Structure formats: structure tokens, C-alpha cells
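Here's the structure, in C-alpha cells; my notes come after.
The values are calculated or read from the model by the stated rules, or taken from the named source; none is laboratory data. Everything numeric here is computed off the predicted structure, so don't read it as measured data. Using ideal geometry, Cβ is built from the backbone for each residue, glycine included, and neighbour counts are taken over all protein chains shown.
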Amino acid sequence: MEQAGFYWVGLIFWVLIVSGLLLSVWGIWKKTWLALLISGIALILPSLYFGGGENWFRLLVLLPLIPFALSYYTKKRKI
């Protein structure tokens, strides 16, 4: 029964990654700042996991900054 918790954590981890990537593609395609913002929020937790890695895996911590920057840019551009 304790193994089930491990599978749930893995499932949530991958759901956050996939939803973050899909929302970022959809946000870029439709140019919606809200989808890009939610994408950045969804990618924060998985990127912190990779922050504990070595070498190039630490650069994945900067991944959520891309949707946040694009969200800010599209929000300012529409106004």
C-alpha cells in the first residue's frame, strides 16, 4: 500500500510537466498571457526537482522563467 504514494507523486509530476508544456504551446499559439502564466506556475515544482541534479540539469530550474517572461511580454503588448 505504501508503494501507491510513490506512483501518485510520479503521476502528479508528469501531469504538471505535460500540462505546463501544452499550456505554453497553446499560449504561444493563441497569444494568451493567462495560459502562459499558468504554464509557468505548473512548471515551477518539477523544475525545483531538477535543481538538485548535477551539471546541466540545474539549468532546468530556469525553464519556468520562459513562460513567465512571455506572459509579461504578451500582457504588456495587448495593453
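Quick notes on this structure:
- The residues on offer are L65, L70, L45, and the sole one that is touching a residue at least 24 places away in the same chain (Cβ under 8 Å) and crowded, with 18+ Cβ neighbours inside 10 Å is L70.
- Just one of the listed residues (I44, I17, I28) is more than 9 Å from the chain's Cα centre (by Cα) and hydrophobic (A, V, I, L, M, F, W, C), namely I28.
- Residue within region 33-53 that is among the aromatic types (F, W, Y), modelled with pLDDT of 90 or more and part of a helix (DSSP H, G or I) present: yes
- Scan of region 18-42 for residues that are of a type in the set (S, T, Y), in contact (Cβ under 8 Å) with a residue 40 or more places away in the chain and touching a Ser or Thr at 6+ places or on another chain (Cβ under 6 Å), ordered by number: S24
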